[in-house]
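Here's the structure, in structure tokens; my notes come after.
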Amino acid sequence: MPTLPATRPIVPIEGSAALKKLVVAYDFSPYAGTALDYALDLATRQNSEVTLVHVQSPAKHVVAGDRT
């Protein structure tokens, strides 16, 4: 699974604002998995809440009777 390089500390430093709620868009791709892992780690360190949102591209299908 790909990893995200940590260019900044994820533990809040003195004077920084802690994130209380995180929203993670998830589409079952490897990158979404990496983002979710990162968000869960961050949430654990900052005692935050994570909301997982499943995203999906619109399907290209034909509905019976549809003339588009």
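Determine ³J(HN,Hα), in whole Hz, for all residues of segment 45-59 in sequence, where each value follows from phi through the Karplus function 6.51 cos²θ - 1.76 cosθ + 1.60 and θ = phi - 60°; x replaces Gly and Pro.
Those phi angles translate into 5, 10, 6, 9, 9, 10, 10, 9, 10, 7, 10, 8, 5, x, 6 Hz.
Quick one: net charge of ALA35's neighbours, Cβ under 14 Å, K/R +1, D/E -1? Please list the in-between numbers first.
Numbers: positive: none; negative: ASP27, ASP37, ASP41.
Here the charged neighbours net out to -3.
Working out 0.36 nm times the residue gap between SER57 and ASP37, then minus their Cα-Cα distance, what length gain in nm do you get to one decimal? Display every interim value, and only then the final one.
Details: separation 20, 0.36 × 20 = 7.20 nm, distance 2.22 nm.
Going from the current span to full extension adds 5.0 nm.
Can you tell me the order of 36-42, 54-60, 21-27 when each peptide is scored by its average per-residue count of other Cβ atoms within 10 angstrom, highest first? Before the final figure, lay out the partial values.
Details: 36-42: 15.6, 54-60: 7.0, 21-27: 13.0.
By packing density, highest mean first, the sequence is 36-42, 21-27, 54-60.
No lab work stands behind these numbers, since they all come straight from the coordinates. The shown structure was predicted, so the numbers you read here are calculated from the model rather than taken from an experiment. Every residue, glycine as well, gets a Cβ built from its backbone with ideal geometry; the counts of neighbours run over all protein chains shown.
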